[in-house]
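What follows is a single structure, written as structure tokens, with notes after it.
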Amino acid sequence: MTGFALGVDQEEWCGQLRALAAERLRPLAEKGEPGRVNRPLLAALGELGLLERVFASGALELCLLRESLAYGCTEAETALALQGLGAYPVLRAGSEEQRERWLPGVRAGRAVAAFALSEPGAGSDAAALALAATADPAVAPAAGGGWRLSGEKCWISNAPEADFYTVFARTGEGPGAKGVSAFLVPADRPGLSGAPLDMLSPHPIGSLTFDGVPVGPRDLLGEPGRGFRVAMDTLNLFRPSVGAFAVGMARAALDATLAYTADRTAFGGTLSDLQAVAHRVAEMATRTEAARLLVYAAAGAYDRGAGDVPRRAAMAKLLATETAQYVVDHAVQLHGAVALQRGHLLEHLYREVRAPRIYEGASEVQRTIIAKELYAGVVTR
């Protein structure tokens with residue numbers, strides 16, 4: 001990608017992905033049960049090699065992948081993204097033993113991963129999490145002791161059906177973010193239970209209860225007290241790609257609106273003949289393109305190892321998710337009542353588009369990150 005323009009090979013790959021999502025993955029998604037992990041869909045993503053691409057690619061390719069899948073099948077995109085979010089900390093910070101045990105199953109779509117950060121009292125304020133990891137010499141005594149996890153996690157995608165969780169807990173090495181550690185916790189650990197939550201989103205979201213769940217040094221992801229960095233490294237990669245997901249939805253809504261308004265007759269012509277309609281579509285297209293460019297600029301910065309990735313990632317997620325909400329809302333308005341029928345593309349997108357403005361840091365959190373990064377470079381008298 002040079003000058004924010006895709007190469008021929010990239011454009012062809014994106015086209016292939018959009019077709020694949022619509023023709024191969026959407027039928028599997030439609031057979032799934034809302035609020036449940038769709039394991040046949042995950043298996044297909046594995047068979048097609050798309051889950052492997054999540055871990056083998058950089059941020060730019062991940063964004064292309066997520067945008068293209070979102071255009072044709074949001075459920076496939078979300079299933080793929082949640083596998084990446086839950087397992088990426090294992091790839092980056094896990095031991096060789098952890099990677100060998102879990103990542104092949106994740107890549108094949110057999111093992112379901114989940115990223116367990118949010119809590120009832122610590123959603124967007126991740127550094128305020130309260131899940132306690134209390135030292136217990138009786139846990140893993142041969143390794144010098146371990147911890148017991150006690151507390152709750154909430155709004156965890158893929159819970160309670162995941163096969164393992166990347167869990168962030170307070171081990172107390174320091175205040176705030178300095179006292180957080182990351183653990184890989186298999187779902188069958190004693191004391192771990194969960195329950196589904198009835199949410200607007202069609203993918204599974206649940207709560208987790210930790211009642212003295214034992215974890216040892218071999219379950220750590222990285223070093224004790226460095227778990228917050230593991231979380232932020234993951235989010236810095238996935239935040240721009242959340243933007244790509246949003247752009248994919250916006251582009252699907254925009255294309256549907258172009259086709260509908262060009263064909264729908266009203267007031268002696270087509271809707272597209274009306275200046276109010278044409279100008280609104282022009283605004284939708286302009287905002288979508290601006291968001292797309294910002295997403296890929298952030299992805300490029302991540303792949304280059306630039307120092308301003310947190311700011312760029314926050315800007316990309318903020319603009320893209322807010323833009324997608326705008327575009328989908330106006331697409332529904334221009335379609336009228338037909339777009340509110342169950343099963344209509346825009347009815348589906350209208351439900352899907354709301355959540356990305358909240359998860360992985362709400363829009364208000366992104367603005368806070370952006371402002372903090374901007375003011376960090378200001379020299380005061």
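The values are calculated or read from the model by the stated rules, or taken from the named source; none is laboratory data. Being a predicted model, the structure only gives us computed values, none of them experimental. Cβ sites come from the backbone with ideal geometry, for glycine too, and all protein chains shown count toward neighbours.
For this structure, a couple of remarks:
- Residue 255 being under 20 Å from residue 352 (Cα atoms), surrounded by fewer than 22 Cβ atoms within 10 Å (Cβ to Cβ) and either not assigned by TED's automatic domain parsing to the domain that holds residue 303 or not aliphatic (A, V, I, L, M) (or both): yes
- All positions within segment 44-95 that are under 23 Å from residue 186 (Cα atoms) and assigned to a loop (DSSP other than H, G, I, E, B): 94, 95
- Candidate set: segment 135-194, residues that are polar (S, T, N, Q) and part of a strand (DSSP E or B); chosen: the one surrounded by the fewest Cβ atoms within 10 Å (Cβ to Cβ): 193
- Breaking point among (1) assigned by TED's automatic domain parsing to the domain that holds residue 338; (2) of a type outside the set (Gly, Ala, Ser); (3) in contact (Cβ under 8 Å) with a residue 12 or more places away in the chain, for residue 264: (3)
- Residue in segment 273-287 that is closer than 23 Å to residue 123 by Cβ, modelled with pLDDT of 95 or more and crowded, with 18+ Cβ neighbours inside 10 Å present: no
- Only one entry of 326, 302 meets the criterion of being in contact (Cβ under 8 Å) with a residue 12 or more places away in the chain, within 14 Å of residue 246 (Cα to Cα) and surrounded by 16 or more Cβ atoms within 10 Å (Cβ to Cβ), and that entry is 326.
- Residue list for segment 340-355, restricted to those being outside any loop (DSSP other than H, G, I, E, B) and buried (at least 22 other Cβ atoms within 10 Å of the Cβ): 346, 349, 352
- Of everything in segment 14-45 that is buried (at least 16 other Cβ atoms within 10 Å of the Cβ) and either of a type in the set (Phe, Trp, Tyr) or in contact with a Pro (Cβ under 8 Å, 6 or more places away or on another chain) (or both), the residue that is nearest to residue 351 (Cα to Cα) is 35.
- From the list 48, 69, the one residue that fits, being crowded, with 21+ Cβ neighbours inside 10 Å and under 27 Å from residue 296 (Cβ atoms), is 69.
- The single residue among 239, 229 that is assigned to a helix (DSSP H, G or I) and either more than 16 Å from residue 117 (Cα to Cα) or in contact (Cβ under 8 Å) with a residue 60 or more places away in the chain (or both) turns out to be 239.
Yes or no, residue by residue, for (1) modelled with pLDDT under 95; (2) in the same structural domain as residue 302 (by TED's automatic domain parsing); (3) among the small types (Gly, Ala, Ser):
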site: 40; (1), (2), (3): no, no, no
site: 45; (1), (2), (3): no, no, no
site: 58; (1), (2), (3): yes, no, yes
site: 70; (1), (2), (3): no, no, yes
site: 86; (1), (2), (3): no, no, yes
site: 97; (1), (2), (3): no, no, no
site: 100; (1), (2), (3): no, no, no
